[in-house]
């Protein structure tokens, strides 16, 4: 699958310095994975426009508070708010995120100007395949969605919390057990050889936007927005926006385990209740076009109703 890419330009005082283009400032998390995907974006910008790119690493709440489960410190948004602020306050021109980290509601003053072509969206087990795990084995993951999905097929499994960068997580594989990782995260670092089993999206519906890199810029930066249309991958944008419509309908405060994945005219959805352990999933045909967004919203309403 092709590496995610972006082409960007900026306007105003940062556009030109003498006869040379000034560096485009790209805000990113400082993890190895984030720098890897932001570096791919930067390389594509320079290749397409001739413009140098300066990466601006930003420390986020999610990177600092490793001792607290994600769902307890806010879930979505904990890896993006500080990166977005760097663009809003003028320290950077663009923000690059894993699309799955973006809240469903847009940030004031920012627009997702490009959804880069999606990598492999699936989850994977590292350490041991699902069928090879002995009864009562431990799987480590910080995702309530992944836990709920694994419990559906292996209710005997035990779970440990897992947080931190990829290297930290790979060092925390339980004895005889496994950890769950996004294939795209392993791919960007050339670590797919660590995968013991890739999990099918039908039974293990990925997080909304998983495998896609999103590029934000300011809403008043029309020059950059126009430039980014050149790398906005139409099929990925459509699919990710359908998934985000499903999530948005559940509400920005939804803390339930949720997954949605759209591809090739099909939407797979997953929703679970942490207290009861009840989960619902669906596979929905999409006719294409704007109607798909309404279908996703209706699917979210139906899934939530089924858990009530």
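The values are calculated or read from the model by the stated rules, or taken from the named source; none is laboratory data. Computed from a predicted model, the values in this text were never measured in an experiment. As a convention, Cβ positions derive from the backbone with ideal geometry for all residues, glycine included, and neighbour counts pool all protein chains shown.
Taking into account only those residues within segment 117-149 that are in contact with a strand residue (DSSP E or B) (Cβ under 7 Å, 6 or more places away or on another chain) and part of a helix (DSSP H, G or I), which is nearest to residue 260 (Cα to Cα)? Looking at residues that are in contact with a strand residue (DSSP E or B) (Cβ under 7 Å, 6 or more places away or on another chain) and part of a helix (DSSP H, G or I), I get 145. Modelled with pLDDT of 95 or more and part of a helix (DSSP H, G or I) - does that describe any residue in segment 280-291? Yes, segment 280-291 has at least one match.
Listed here are the residues, each with its yes/no results for (1) at pLDDT 95 or above; (2) farther than 28 Å from residue 38 by Cβ; (3) under 17 Å from the mean Cα position of the chain (by Cα).
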| site | (1), (2), (3) |
| --- | --- |
| 178 | yes, yes, no |
| 191 | yes, no, no |
| 200 | yes, yes, no |
| 210 | yes, no, yes |
| 224 | no, no, no |
| 264 | yes, yes, no |
| 268 | yes, yes, yes |
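Inside segment 161-203, can you point out the residues that are assigned to a loop (DSSP other than H, G, I, E, B) and within 14 Å of residue 141 (Cα to Cα)? Within segment 161-203, 161, 162, 163, 164, 165, 171, 172, 173, 174, 177 meet the criteria. For segment 132-151, the set of residues classified as exposed (fewer than 15 other Cβ atoms within 10 Å of the Cβ) and either under 14 Å from residue 182 (Cα atoms) or in contact (Cβ under 8 Å) with a residue 40 or more places away in the chain (or both) consists of 132, 134, listed by residue number. When the residues of segment 12-30 are filtered to those that are over 9 Å from residue 55 (Cα atoms) and at pLDDT 85 or above, the one that is surrounded by the most Cβ atoms within 10 Å (Cβ to Cβ) is 29. Sub-7 Å Cβ pairs linking a first residue in segment 254-267 that is without any contact (Cβ under 8 Å) to a residue 40 or more places away in the chain and assigned by TED's automatic domain parsing to the domain that holds residue 244 to a second residue that is surrounded by fewer than 17 Cβ atoms within 10 Å (Cβ to Cβ) and assigned to a loop (DSSP other than H, G, I, E, B), at least 6 apart or interchain, are 265/288, ordered by first then second residue. Among (1) within 23 Å of residue 248 (Cβ to Cβ); (2) out of contact with any helix residue (DSSP H, G or I) (no Cβ under 8 Å at 6 or more places or on another chain), there is one condition residue 89 misses while meeting the rest; what is its number? Condition (1) is where residue 89 drops out.
Figure legend. Inter-residue proximity from segment 274-300: first residues in the same structural domain as residue 154 (by TED's automatic domain parsing), second residues surrounded by fewer than 18 Cβ atoms within 10 Å (Cβ to Cβ), beta-carbon distance below 9 Å, spacing 6+ or different chains. No pairs are indicated. The set of residues in segment 275-293 that are under 22 Å from the mean Cα position of the chain (by Cα) and surrounded by fewer than 15 Cβ atoms within 10 Å (Cβ to Cβ) contains only 283.
Put simply, of 288, 259 the only residue that is at positive phi and in contact with a helix residue (DSSP H, G or I) (Cβ under 9 Å, 6 or more places away or on another chain) is 288.
Of the residues making up segment 117-144, just one is at pLDDT below 95 and out of contact with any helix residue (DSSP H, G or I) (no Cβ under 7 Å at 6 or more places or on another chain), namely 143.
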